[in-house]
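Structure, as structure tokens:
The values are calculated or read from the model by the stated rules, or taken from the named source; none is laboratory data. Quantities reported herein were computed from a predicted structural model and do not represent experimental measurements. Note: ideal-geometry Cβ built from the backbone for every residue, glycine included; neighbour counts use all protein chains shown. Ligands, DNA and RNA are stripped out before the accessible areas are found, and what is left, the full protein with its side chains, is counted by its heavy atoms. Shrake-Rupley method; radii C 1.70, N 1.55, O 1.52, S 1.80 Å.
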Amino acid sequence: MKSIDLLVTEASQVLTLAGPARQRCGPEMSELSAIPNGTVAVDKGLVVETGSAAEMAGKYRARKTLEANGRLVLPGFVDPHTHLVFAGTREYEMAARLAGDSYLDILAGGGGIHGTVEKTRKASFDELLESAKGRMQRMLEHGTTAVEIKSGYGLEPETEFRILDVANRLRHDGPCDVAVTFLGGHVVPKDTGREAYVSWLSGEALDGCKGRAEFVDVFCDQGAFTLEESVQILKEAKARGFGLKIHAGQFRDLGAAGAAASLGAISADHLEHVSADQLAVMKKNGTIAVLLPGASFFLGSREYPDAKAMEKAGVAIALSTDFNPGSCPSYSMQMMIALACHQMGMSAAAAVTASTVNAAYAMGRGGLLGTLEPGKQADLIVLDVETPEQIPYFYGVNLVRKVVKKGRVVVDI
Ligand code: NIG
Ligand code: FE
């Protein structure tokens, strides 16, 4: 009998997501590699083995046993697109939208993102750290064990770098795994000329991001950056060795998804509006579609990304909250799974793949996170359901009962 740290037993099923060591596309997204009556063996923070109770009987002596009591066990959720570090909230804007104003009109009128920028510039490192830490803890309680964090509410050097430094502090301190992205290209700030700002973004800013950010992202859309500006910034970022991401087609298709994919972007995000030609370029380059149905939902839009067309085109899909104070203040990947199923027609299994293994690849952590295979990090959750289909079925509540992070039980409800 081998001595190990932890044995997770008596799961209704363990969804291992075992499969090829890459993002999953098309029909692969519906294969969860489930083990009925499953057990997970964990040691030194890593998955050692998974198998049925019968296969695993008598093999391991564990220092701790976590009984899942007939509940569902799966990898921790990965949230690959968030704007987690900012000050203040914008519920007054939500009220204005409910009264008929549009998101883009509010932005064009100097509110929206600009309102959060104003508050964030005034906030200290410690204030930003404390609020972001609290948000990450909420995410963890909702089953998210890894998260990508973007800057983008400073729009000038000092605050942009302060946000990145906060994100890096969270990366060191945890509890979640964190990937850091520079989104200085969120919108043009009110107090700087367009040309001067784009020139900073595609030069000095990127030099300042060395060691601070892994990815560079640009919001390419009506009211934000043009395709030409976005490509200029991404090309310079690529030349300096950053991974690339893009906010593409949330409101209008400017061709950003295809352009970013041609430059080798790891993901193109939003995609409420995207052409079939661009999906083909994404497929060819392995660019993952990160879909953010919470933003459509919260903005009261009927325009959800066409996940079915993407699945058919063989583009790998990931889901994310887009957590931010303007278009989606939700911590819950479970809610995103529900929206993906009920508003975008994804199957529960595909939505689970999109929230775990594909999301891990979309933040450059596919080798470490997103599946329960031997050698992967032991990040797993116990949900109070018996099947993957019950996750979007019992929607609107937090189904999490346990969260295990690097082999340690960090949430126990
Ligand atoms: O991804 N689209 C641009 N940025 C965010 C919204 C940011 C905000 O409104 O504060 C998004 O939806
Ligand atoms: Fe976003």
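Observations on the structure shown:
- DSSP beta bridges fully contained in the chain are about 45 percent antiparallel.
- Largest GNM mean-square fluctuation across 370, 286, 345, computed for the chain with C-alpha springs under 10 Å, falls on 345.
- Within the shell defined by Cβ-Cβ distances under 14 Å, the residues around residue 51 carry a net charge of -2, with Lys and Arg each +1 and Asp and Glu each -1.
- Simple rule: put +1 on each Lys or Arg Cβ and -1 on each Asp or Glu Cβ in the range 1-101, find the dipole, and look at 60, 16, 40; the Cα lying farthest toward the positive end is 60.
- Rounded to whole numbers, the Karplus 3J(HN,Hα) couplings from phi for the range 315-330 are 8, 6, 10, 10, 10, 7, 7, 6, 2, 6, x, x, 10, 6, x, 10 Hz, using 6.51 cos²θ - 1.76 cosθ + 1.60 with θ = phi - 60°, and x at Gly and Pro.
- Percent of Cα-Cα distances greater than 16 Å, calculated over the range 103-210: 60 percent
- Under 11 Å, Cβ to Cβ, from residue 312 - net charge with Lys/Arg +1 and Asp/Glu -1: 0
- Heavy-atom surface of the chain, accessible at 1.4 Å and reported per residue (Å²): 37 Å²
- Note on exposure: 119, 405 ranked by accessible area (1.4 Å probe, complete protein assembly) read 119, 405, with the most exposed listed first.
- Carbon + sulfur, % of accessible area of the range 77-362 - ligands and nucleic acids excluded, 1.4 Å: 51 percent
- Listed peptides 195-207, 252-264 appear in the order 252-264, 195-207 once ranked by packing, highest mean of other Cβ atoms within 10 Å at the front.
- Over 22 Å (Cα to Cα) - which of 190/235; 2/376; 284/312; 283/312; 133/245; 119/190 fall in this group: 190/235; 133/245
- 3J(HN,Hα) from dihedral phi, the range 26-31, Karplus parametrisation 6.51/-1.76/1.60, rounded to Hz, x for glycine, proline: x, x, 4, 5, 8, 9
- Per-residue SASA entry for residue 346, accessible area with 1.4 Å probe, Å² rounded to 10: 10 Å²
- The equivalent ellipsoid that matches the C-alpha gyration tensor of the chain spans semi-axes of 36, 22, 20 angstrom, in descending order.
- A cut-off under 9 angstrom between Cβ atoms defines the neighbours of residue 81, and their net charge, with Lys, Arg +1 and Asp, Glu -1, is -3.
- Dipole magnitude of the range 95-176, debye to nearest 20 (Cβ charges: Lys/Arg +1, Asp/Glu -1, about Cα centre): 160 debye
- Residue 190 sits with roughly 130 Å² accessible to a 1.4 Å probe, with DNA, RNA and ligands left out of the calculation.
- Under-5 Å amide H pairs with residue 12, H placed in peptide plane, nonlocal only: 70, 71, 72, 73
- Residue order by solvent-accessible surface for 25, 220 is 25, 220, largest first, with ligands and nucleic acids left out and a 1.4 Å probe.
- Simple Cβ-charge dipole of the chain, Lys/Arg +1 and Asp/Glu -1, about Cα centre, in debye nearest 20: 1020 debye
- Amide H contacts of residue 315 (H built 1.01 Å from N, in plane; Pro and chain starts excluded): 26 sit under 5 Å, all sequence-distant by 5 or more or on other chains.
- Sequence-distant contacts, meaning Cα pairs under 8 Å at least 6 residues apart, place the relative contact order of the chain at 21 percent.
- Just so you know, the averaged projected area of the alpha carbon convex hull for the range 39-141 sits at 11.0 nm².
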